[in-house]
């Protein structure tokens, strides 16, 4: 098995859409995109794709991603970014822009944000502007091959090269394989937040945040 880690390219967009959808679902059947867009997967994928190609830096832009290829085929990916990048677009701004570009009505978008509200009840307090790792996923045929371990090593080294001293990653509580992978990489549990609203909407108790010194 030949594994190659590289930056994401423009021709990876379909693959990255799949990664973002899978990462959001985590170990559950539905993720935030499904909740926000009423399980219309076609619409969710179109909006994610539009966000990935947005002109402004954002938390979900193609340029943030690293891809692990297995024998030349994209198999896993993750994103690494600094929340303090100049001109960083807030998630709600990019979602709104992408939704409009995909023809979603304003009323439907408002309803989508209302559906997302329980998720926001478990967001932790800011830690300044750490190096953030996000959107971690491996396609099913390539799991249990250590691809995430290799991607994490690369993205954390990139954070160090850029001068960051703290890295952060969050998971849905109950995703034990993800937790084990992040702890192997050196992350430690920093805090958790649980709310009944989150569990009712998402299907797990809340969010756990892990950090590590770079």
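Observations
- Within region 38-48, tally of residues that are surrounded by fewer than 18 Cβ atoms within 10 Å (Cβ to Cβ) and without any contact (Cβ under 8 Å) to a residue 40 or more places away in the chain: 4
- Residue within region 106-120 that is in a loop (DSSP other than H, G, I, E, B) and touching a residue at least 24 places away in the same chain (Cβ under 8 Å) present: no
- Some residue of region 110-121 being over 23 Å from residue 48 (Cβ atoms), within 19 Å of the chain's Cα centre (by Cα) and exposed (fewer than 14 other Cβ atoms within 10 Å of the Cβ): no
- Within the set 76, 99, the sole residue that is in contact with a helix residue (DSSP H, G or I) (Cβ under 6 Å, 6 or more places away or on another chain) and under 16 Å from residue 58 (Cα atoms) turns out to be 99.
- For region 174-214, the tally of residues that are outside any strand (DSSP E or B), within 15 Å of the chain's Cα centre (by Cα) and without any contact (Cβ under 8 Å) to a residue 60 or more places away in the chain stands at 2.
- Looking only at residues in region 5-34 that are touching a helix residue (DSSP H, G or I) at 6+ places or on another chain (Cβ under 6 Å) and part of a loop (DSSP other than H, G, I, E, B), the one that is modelled with the highest pLDDT is 8.
- Among (1) under 18 Å from residue 137 (Cα atoms); (2) in contact (Cβ under 8 Å) with a residue 40 or more places away in the chain; (3) surrounded by fewer than 19 Cβ atoms within 10 Å (Cβ to Cβ), the one test that residue 80 misses: (3)
- Only one entry in 134, 154 is part of a strand (DSSP E or B), in contact with a strand residue (DSSP E or B) (Cβ under 8 Å, 6 or more places away or on another chain) and surrounded by 15 or more Cβ atoms within 10 Å (Cβ to Cβ), namely 134.
- Test: residue in region 163-172 that is surrounded by fewer than 21 Cβ atoms within 10 Å (Cβ to Cβ) and in a helix (DSSP H, G or I): no
The values are calculated or read from the model by the stated rules, or taken from the named source; none is laboratory data. Quick caveat: nothing in here was measured; it's all calculated off a predicted structure. So basically every Cβ, Gly included, is an ideal-geometry build from the backbone, and we count neighbours across all protein chains shown.
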